[in-house]
Structures are given as structure tokens and as C-alpha cells.
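Data first, discussion second: the structure below is written as C-alpha cells.
The values are calculated or read from the model by the stated rules, or taken from the named source; none is laboratory data. Bear in mind the structure is a predicted one, so any value in this text is a computation, not a measurement. Methodologically, a virtual Cβ is constructed for each residue, glycine included, from the backbone with ideal geometry; neighbour enumeration extends over all protein chains shown. Please note that ligands, DNA and RNA were not included when accessible areas were found on the heavy atoms of the full protein model with its side chains. Shrake-Rupley method; radii C 1.70, N 1.55, O 1.52, S 1.80 Å.
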Amino acid sequence: MALMISIHPTEEPIELSEAKTHLRVEIDDDDGLIQGMIKAARENCEAVTHRALITQTWKYYLDKWPDKDYIELPLPPLQSVSSLNTRILR
């Protein structure tokens, strides 16, 4: 079983300007650092909660078909399933 991201989020939960206002930062020297911190905070929240906070695309590979009548999908809430492929690799 493997879960791999194929399309990363295109935005973050808060804008750089909002974070800078909250931090009371008025200069642009640390914009890259602040953007990195925003991304790291989102990724940490996603890891702790096991939820995707921003729209992203994942590929989920199973070693075998589950013994259940359904497949439990990780990272709720799920917006859509774009494809389902069944291939037996030998």
C-alpha cells in the first residue's frame, strides 16, 4: 500500500499578507521565510489530523484488493475520485 501526492496544493490556507499583518512585519525581506512557515504549518496540521486542508491530488496504490466490500480512502474529506484502475502486478 502506498499513498503518493501527484499534484501539490496551489495555494495555502492563509495569504502571505495576512500572516505578515498578524506577525506585524512590514518589510519584504522575510517573505520567503514566512511563506515557508505557512506551508510547514499546513503540512504539520495535515500530518497530525490525517486530513488534507487544501485541494490536492493523490495516488493510492494497494498491494491487493481488500477483504472488505469497500476501500477505505485516506485523507478525508474526499472531494472526488477521478479514476479507479485494477491491475495485478506479478
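When the range 18-38 is examined, which residues are found to be open to solvent by 80 Å² or more (accessible area, probe 1.4 Å), more than 18 Å from residue 56 (Cβ to Cβ) and under 22 Å from the mean Cα position of the chain (by Cα)?
Once the filter is applied, which keeps residues that are open to solvent by 80 Å² or more (accessible area, probe 1.4 Å), more than 18 Å from residue 56 (Cβ to Cβ) and under 22 Å from the mean Cα position of the chain (by Cα), the range 18-38 yields 18, 33, 37.
Name every residue in the range 4-13 that is open to solvent by less than 70 Å² (accessible area, probe 1.4 Å) and either in contact with a Leu (Cβ under 9 Å, 6 or more places away or on another chain) or over 30 Å from residue 63 (Cα atoms) (or both), in order of residue number.
The answer is 9, 12.
Let's see how each residue does on (1) assigned to a loop (DSSP other than H, G, I, E, B); (2) touching a residue at least 12 places away in the same chain (Cβ under 8 Å):
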| residue | (1), (2) |
| --- | --- |
| 5 | no, yes |
| 12 | yes, yes |
| 18 | no, no |
| 22 | no, no |
| 29 | yes, no |
| 33 | no, no |
| 41 | no, no |
| 44 | no, no |
| 52 | yes, yes |
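Looking at this structure, is residue 47 at pLDDT 90 or above, surrounded by 11 or more Cβ atoms within 10 Å (Cβ to Cβ) and of a type in the set (Gly, Ala, Ser)? Steps first, answer last, please.
Details: at pLDDT 90 or above: yes; surrounded by 11 or more Cβ atoms within 10 Å (Cβ to Cβ): no; of a type in the set (Gly, Ala, Ser): yes.
Against the criterion (at pLDDT 90 or above, surrounded by 11 or more Cβ atoms within 10 Å (Cβ to Cβ) and of a type in the set (Gly, Ala, Ser)), residue 47 does not qualify.
Of everything in the range 1-44, what is among the hydroxyl-bearing types (Ser, Thr, Tyr) and at pLDDT below 95? Give them in sequence order.
Across the range 1-44, the qualifying residues are 6, 10.
For the range 56-90, give me the residue count where each residue is touching a strand residue (DSSP E or B) at 6+ places or on another chain (Cβ under 9 Å) and either open to solvent by less than 100 Å² (accessible area, probe 1.4 Å) or in contact (Cβ under 8 Å) with a residue 40 or more places away in the chain (or both).
Count: 12.
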